[in-house]
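What follows is a set of notes on a single structure, which appears directly below.
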Amino acid sequence: MVPTDFKALIQRFYQLQSERVETYQLFDEGHEAYLRTGPHYDFDHYRQLVHEITLAFNGISKEVLDIKEKLHNEFDRPALSEHMDKLQSKEKQKLEMTAKLQLARQRAQDHPEDEDCQEQIQEIKQEIIKNKEALSEIMQDFKYDSEECD
């Protein structure tokens, strides 16, 4: 349930961002375990992991959107809801890039002679780094703007 007081709402948002980080860690660890099952990959377990990760991210996103609406409509803080819009967009991109990276890693493992695979992995990693920097910047702006009226 989404809290109703401003400070509790902000705290819950930070908790949700921490949950996202933990979910990404689980996703990465699960993919590493999946790669270790190659060349006869255990796709059933990996598919179950992807399903659980998807549910977790959907739950987090839904609650973040609820908080965004409350900040905008009940607390008249459109700047904060704008930061959250940007954050959601960047988080979506990060998830898409993470999936691309996982596919590229599997391709590289399946085709070790293909140097393009390693190059593609490095390119995707650079995109993810830029994305994380943008996310960090958005979070800094959010923190600054949320403390503005304390």
What is the percent carbon and sulfur in the accessible area of the chain, measuring with a 1.4 Å probe over the protein chains and ignoring ligands?
52 percent
How much net charge surrounds residue 141 when only the other residues with a Cβ under 10 Å from the Cβ of residue 141 are counted, with Lys and Arg +1 and Asp and Glu -1?
-1
In this structure, the FRET efficiency calculated for residue 26 and residue 145 from their beta-carbon separation, with R0 = 25 Å, to the nearest 0.05, is 0.25
Build a GNM of the chain with springs between Cα atoms under 10 Å: which of 48, 109, 118 gets the top mean-square fluctuation?
48
Let me check I've understood the local charge: for residue 43, count other residues with C-beta under 14 angstrom from its C-beta, Lys and Arg +1, Asp and Glu -1. What total comes out?
-1
Label-point separation (nm) for residue 137 and residue 103, each offset 7 Å from Cα along Cα-to-Cβ?
2.7 nm
As an exercise, identify the GluC sites (Glu not before Pro) in segment 47-94 lying in DSSP coil whose Cβ has no more than 16 other Cβ atoms within 10 Å.
74
In Å², what does the accessible area per residue of the chain work out to with a 1.4 Å probe?
63 Å²
Rounded to the nearest 0.05, what FRET efficiency do residue 5 and residue 129 have when you use their Cβ-Cβ distance and R0 = 35 Å?
0.45
Kyte-Doolittle mean at least -1.0, axial Cα span of 18 Å or more - DSSP H helices of the chain
6-36, 43-73
Go through 70/132; 68/130; 92/130; 7/92 and tell me which ones have a Cα-Cα distance over 20 Å in this structure.
70/132; 68/130; 7/92
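The values are calculated or read from the model by the stated rules, or taken from the named source; none is laboratory data. Remember, it's a predicted structure, so these values are computed and weren't measured experimentally. Glycine also receives a Cβ, built like all others from the backbone with ideal geometry; neighbour counts cover every protein chain displayed. Remember, those area values only see protein heavy atoms, side chains included, never the ligands or the DNA or RNA. Shrake-Rupley method; radii C 1.70, N 1.55, O 1.52, S 1.80 Å.
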